[in-house]
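**Q** One structure, pasted below without further comment.
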C-alpha cells in the first residue's frame with residue numbers, strides 16, 4: 001500500500017491472554033479484520049501483543065523486557081490521549097492493591113481486554129477504545145471504518 005510519499009500504516013492489537021466470557025468473539029473479530037485489512041492492502045502490517053489483566057508498576061518484574069515494553073506503550077498512549085483531549089475510557093486505571101494476608105501493598109495498572117494502537121510510520125496516531133466526552137470509539141468500530149483511501153482518526157470514524 002505504501003509509496004515513498006505515503007506513511008506506512010501499522011496497527012498493533014493488544015489482547016488480554018486470559019479467556020473471558022463475552023469478549024472472545026470480539027477478540028477473534030478484531031484479529032480476523034486485521035488480517036483482512038492487510039490482505040486487501042488497507043494497512044501495511046499488523047502485530048498482536050498479549051498482556052495480562054493488570055500489571056504491577058514496579059516490583060520484581062520492573063526490569064523485564066515485557067514490563068518495560070508495556071509501560072512504554074502505556075506512557076505513549078496516555079501522552080497521545082492528553083494531546084488530543086481524549087479519554088482512554090478507564091482502560092488503564094491505576095489502583096493500589098493491599099493483601100489482606102500479608103499486608104503487602106503495591107500499585108497496579110489495569111489493562112483492557114482489547115486495545116488497538118495505530119501508527120503512521122513510527123508516530124502513534126490513535127489508541128482505541130477512546131472517548132472524547134460525547135462519543136466513544138471501540139476497536140471494532142475503528143477497524144470497520146478503515147479502508148485504503150480513508151484512515152479514521154480519533155473519534156472521526
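**Q** More than 23 Å from residue 143 (Cβ to Cβ) and in a helix (DSSP H, G or I), is that true of residue 35?
**A** no
**Q** Related question: Here are some conditions: (1) in contact with a strand residue (DSSP E or B) (Cβ under 9 Å, 6 or more places away or on another chain); (2) more than 22 Å from residue 122 (Cα to Cα); (3) touching a residue at least 40 places away in the same chain (Cβ under 8 Å); (4) not in a strand (DSSP E or B). Residue 106 meets all but one. Which one does it not meet?
**A** Going through the list (1) in contact with a strand residue (DSSP E or B) (Cβ under 9 Å, 6 or more places away or on another chain); (2) more than 22 Å from residue 122 (Cα to Cα); (3) touching a residue at least 40 places away in the same chain (Cβ under 8 Å); (4) not in a strand (DSSP E or B), residue 106 breaks only (4).
**Q** Could you tell me whether segment 88-103 includes any residue that is closer than 26 Å to residue 24 by Cβ, surrounded by fewer than 19 Cβ atoms within 10 Å (Cβ to Cβ) and touching a residue at least 40 places away in the same chain (Cβ under 8 Å)?
**A** The answer is yes, given that some residue of segment 88-103 is closer than 26 Å to residue 24 by Cβ, surrounded by fewer than 19 Cβ atoms within 10 Å (Cβ to Cβ) and touching a residue at least 40 places away in the same chain (Cβ under 8 Å).
**Q** A further question follows. Which number in (1) farther than 19 Å from residue 93 by Cβ; (2) surrounded by fewer than 15 Cβ atoms within 10 Å (Cβ to Cβ) marks the one condition that residue 33 misses?
**A** Result: residue 33 fails condition (2) only.
**Q** Of the residues that make up segment 16-32, is at least one part of a strand (DSSP E or B) and touching a helix residue (DSSP H, G or I) at 6+ places or on another chain (Cβ under 7 Å)?
**A** no
**Q** Suppose we filter 117, 91 for residues that are under 29 Å from residue 36 (Cα atoms) and at pLDDT 95 or above; which single one remains? Outline the logic, then answer.
**A** Working: 91 fails: at pLDDT 95 or above.
Every option except 117 fails the conditions.
**Q** Among the numbered criteria (1) surrounded by 11 or more Cβ atoms within 10 Å (Cβ to Cβ); (2) out of contact with any helix residue (DSSP H, G or I) (no Cβ under 8 Å at 6 or more places or on another chain), which one does residue 85 miss?
**A** Single failed check for residue 85: (1).
**Q** To continue, here is another question. In segment 1-16, how many residues are over 14 Å from the mean Cα position of the chain (by Cα), farther than 18 Å from residue 142 by Cα and at pLDDT 80 or above?
**A** So the count comes out to 1.
**Q** Select from segment 53-82 the residues that are crowded, with 18+ Cβ neighbours inside 10 Å and touching a helix residue (DSSP H, G or I) at 6+ places or on another chain (Cβ under 8 Å) and list them in ascending order.
**A** Hit for segment 53-82 is 55, nothing else.
**Q** Mind listing just one residue for me: the one in segment 38-60 that is within 21 Å of residue 113 (Cβ to Cβ) and assigned to a loop (DSSP other than H, G, I, E, B) and, of those, modelled with the lowest pLDDT?
**A** Within segment 38-60, the subset within 21 Å of residue 113 (Cβ to Cβ) is 46-57.
Now restrict to residues that are assigned to a loop (DSSP other than H, G, I, E, B): 52-53, 57.
Details: 52: 94, 53: 94, 57: 89.
Looking at the filtered set, the residue picked out is 57.
**Q** What about residue 12, is it in contact (Cβ under 8 Å) with a residue 60 or more places away in the chain, in contact with a helix residue (DSSP H, G or I) (Cβ under 9 Å, 6 or more places away or on another chain) and under 30 Å from residue 121 (Cβ atoms)?
**A** yes
The values are calculated or read from the model by the stated rules, or taken from the named source; none is laboratory data. The structure presented is a predicted model; accordingly, all values stated were derived computationally and were not measured. Every residue, glycine as well, gets a Cβ built from its backbone with ideal geometry; the counts of neighbours run over all protein chains shown.
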